[in-house]
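First up is the structure itself, then whatever we jot down about it.
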Amino acid sequence: MKAIILVLSAVVFLSCNNQKNKDYIVANVIERQIEQDHPGKQLMEIHCYVCHSATASEAERLAPPMIAIKKHYINEGTTKEQFKAAMQEWIKNPTEENAKMFGAVRRFGVMVKVPYPEETIEQIADYMFDNKIEQPEWFDEHFKQGKGKHQTKGQKKQNK
């Protein structure tokens, strides 16, 4: 209810400004509110950030941050449905053979199997696909250095 009042207040307040700015500001307010209300965001913070925290230091991590997962599983051609299916597959059956993040498996081991309902995984994946994910301060540099680059099993064998 507070969210609706906040959005409506912003619309009324901004109606006094010029149309161009009003449209931009109202769209941003509504977008942020929708993002905050997305059930996948809360589920990710509750279930995933225990190990995949965006605030843990690089040295003290238990697992890669969620932004790293997003970057490894989504490329230009990845659809939301493909991403959701990949998340379902990994979380239901996390094995070294199913891994897409070989460096993470070497460093942290294979993720433990967690009994999350399919709906929970789907909502988290839906949120991740469409929204900006919080990332650690060190992540951009880490990714630029190639530590976050994805290699397929074939590429991995060729590089040995």
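Some observations on this one:
- Computed over protein heavy atoms with a 1.4 Å probe, the carbon and sulfur contribution to the accessible area of region 49-92 reaches 55%.
- Trypsin sites (Lys or Arg not before Pro) restricted to region 38-141 and DSSP loop, no more than 14 other C-beta within 10 Å: K113, K132
- Protein accessible area in region 99-150, 1.4 Å probe - carbon and sulfur %: 49
The values are calculated or read from the model by the stated rules, or taken from the named source; none is laboratory data. Keep in mind the model is a prediction, meaning the values are calculated, not measured. Note: ideal-geometry Cβ built from the backbone for every residue, glycine included; neighbour counts use all protein chains shown. For the accessible areas, the whole protein counts, side chains as well, though only heavy atoms, and no ligand, DNA or RNA atoms are used. Shrake-Rupley method; radii C 1.70, N 1.55, O 1.52, S 1.80 Å.
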